[in-house]
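Novice: Structure below; questions to follow.
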Amino acid sequence: MVSSGVDDRHPTDRVVVVSAGFGVWQGSRHVASARWSDVVRVSAFTRDEATTGRVCVTLVLRSGGEVSVHEALPGYQSFLAAAETALPGMRPRAEWLTSVQEPAGATDETVLFERGRT
């Protein structure tokens with residue numbers, strides 16, 4: 001899981017998209033990767049930060065592992081665009097983003113994709 005704290009973010013933290021999946025890096029260390037075909041569920045929620053909420057996306061993998069990314073992570077926008085293309089039936093960002101951001105402080109998750117659902 002990728003930490004979402006403001007103070008623990010390293011300047012080179014990032015999510016990298018490749019044709020078959022994605023990888024997440026913290027500093028110079030690779031911390032997670034997965035193939036799109038191994039993603040069974042995607043959900044979004046807002047995590048309370050000191051002054052504002054931060055939109056986070058968690059992917060549950062076939063193995064039972066989880067990978068989380070957040071909107072301040074470089075590569076996040078490209079990651080979401082790739083996920084919308086690679087995961088059939090994933091809800092487009094324009095459809096869910098506003099509801100996840102409001103009301104401020106909400107922590108309920110919104111399911112964006114579940115394998116086997118359309």
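Novice: Before we move on, is SER3 under 12 Å from the mean Cα position of the chain (by Cα) and modelled with pLDDT of 90 or more?
Specialist: No: the conditions fail for SER3.
Novice: Taking segment 60-105 only, how many residues are modelled with pLDDT under 90, surrounded by 18 or more Cβ atoms within 10 Å (Cβ to Cβ) and in a loop (DSSP other than H, G, I, E, B)?
Specialist: Summing the residues that are modelled with pLDDT under 90, surrounded by 18 or more Cβ atoms within 10 Å (Cβ to Cβ) and in a loop (DSSP other than H, G, I, E, B) in segment 60-105 gives 0.
Novice: Determine the pairs where a residue that is at pLDDT below 75, located within segment 106-117, has a partner that is among the β-branched types (Val, Ile, Thr) with Cβ atoms under 7 Å apart, the partner being 6 or more residues away or on another chain.
Specialist: ALA106/THR46; THR107/THR46
The values are calculated or read from the model by the stated rules, or taken from the named source; none is laboratory data. Keep in mind that what you see is a predicted model, and the values were worked out from it rather than measured. Don't worry about glycine lacking a Cβ; one is built from the backbone with ideal geometry, like all the others, and counts go over all protein chains shown.
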